[in-house]
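The values are calculated or read from the model by the stated rules, or taken from the named source; none is laboratory data. Since this is a predicted model, take the numbers as computed values, not measurements. Note that each Cβ is placed from the backbone with ideal geometry, even for glycine, and that neighbours are counted across all protein chains shown.
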């Protein structure tokens, strides 16, 4: 592979300055999720049963086929967006769990 400068590449390709790993805001994620749901309008979504009875830390482990979360997880873009969590958000999330917060 031959190294070429930005100017040389712009002669043969359209180059943009957009970051490749742009973070989607909440509205963009919801709009993408809506488009996924519209692709299969007959899809029946199921709820995660009994979430209100589980501690916050257990809710992250709950799974259900055809849940709103599974729709998002099947999409590689939304799955990548969901994996991004700042260290502050991680600490905040773990402090909501009575098990992990009592052992600190």
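Got a sec? Which helices (runs of 4 or more DSSP H) wholly within the range 1-69 have at least 3 residues that are closer than 19 Å to residue 79 by Cα, touching a helix residue (DSSP H, G or I) at 6+ places or on another chain (Cβ under 7 Å) and touching a residue at least 40 places away in the same chain (Cβ under 8 Å)?
It comes to 26-39.
What's the total number of residues in the range 59-104 that are farther than 18 Å from residue 36 by Cα, at pLDDT 50 or above and surrounded by 13 or more Cβ atoms within 10 Å (Cβ to Cβ)?
The total comes to 2.
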